[in-house]
């Protein structure tokens, strides 16, 4: 399990949360809100070698937000609260959309760390 001396799990996680390159931590992962750079502008590391690598975490995190919304709508709100349910559903969709870049960056950072640590 050889890993670059510069990178640890926590620094890789921190770089993902801040949407920075997991390899160098110098450049942004995204050139706009959700347009991922193919390579890091600073170190030229390929950021997403296979889009399927990050799909699992994206799916699980989306399912978590959806489940949270259903829990709030069907167990915490009264049956007559139709407008509150619509508001919660809209809020969940908005939350899923607004957190996409952060969840994607975190998935890329974790994938990068696993690739480097399992070699």
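The values are calculated or read from the model by the stated rules, or taken from the named source; none is laboratory data. If you're wondering where the values come from, they're calculated on a predicted model, not measured in any experiment. Every residue, glycine as well, gets a Cβ built from its backbone with ideal geometry; the counts of neighbours run over all protein chains shown.
Pick from 109, 105, 89: which is in a helix (DSSP H, G or I) and in contact with a strand residue (DSSP E or B) (Cβ under 8 Å, 6 or more places away or on another chain)?
Sole residue among the options that is in a helix (DSSP H, G or I) and in contact with a strand residue (DSSP E or B) (Cβ under 8 Å, 6 or more places away or on another chain): 105.
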Practice task
Answer with yes or no whether residue 72 is crowded, with 16+ Cβ neighbours inside 10 Å, modelled with pLDDT under 85 and part of a loop (DSSP other than H, G, I, E, B).
Solution key: no
Practice task
Evaluate the following for residue 118: is it exposed (fewer than 15 other Cβ atoms within 10 Å of the Cβ) and under 17 Å from residue 13 (Cβ atoms)?
Solution key: yes
Practice task
For the range 47-66, state whether one or more residues are within 13 Å of residue 104 (Cα to Cα), assigned to a loop (DSSP other than H, G, I, E, B) and touching a helix residue (DSSP H, G or I) at 6+ places or on another chain (Cβ under 7 Å).
Solution key: yes
Completion exercise
Note on the range 1-13: residues surrounded by 14 or more Cβ atoms within 10 Å (Cβ to Cβ), farther than 18 Å from residue 54 by Cβ and modelled with pLDDT of 90 or more are 11
Completion exercise
Of the residues in the range 14-46, those that are in a helix (DSSP H, G or I) and either surrounded by fewer than 13 Cβ atoms within 10 Å (Cβ to Cβ) or modelled with pLDDT under 90 (or both) number 1
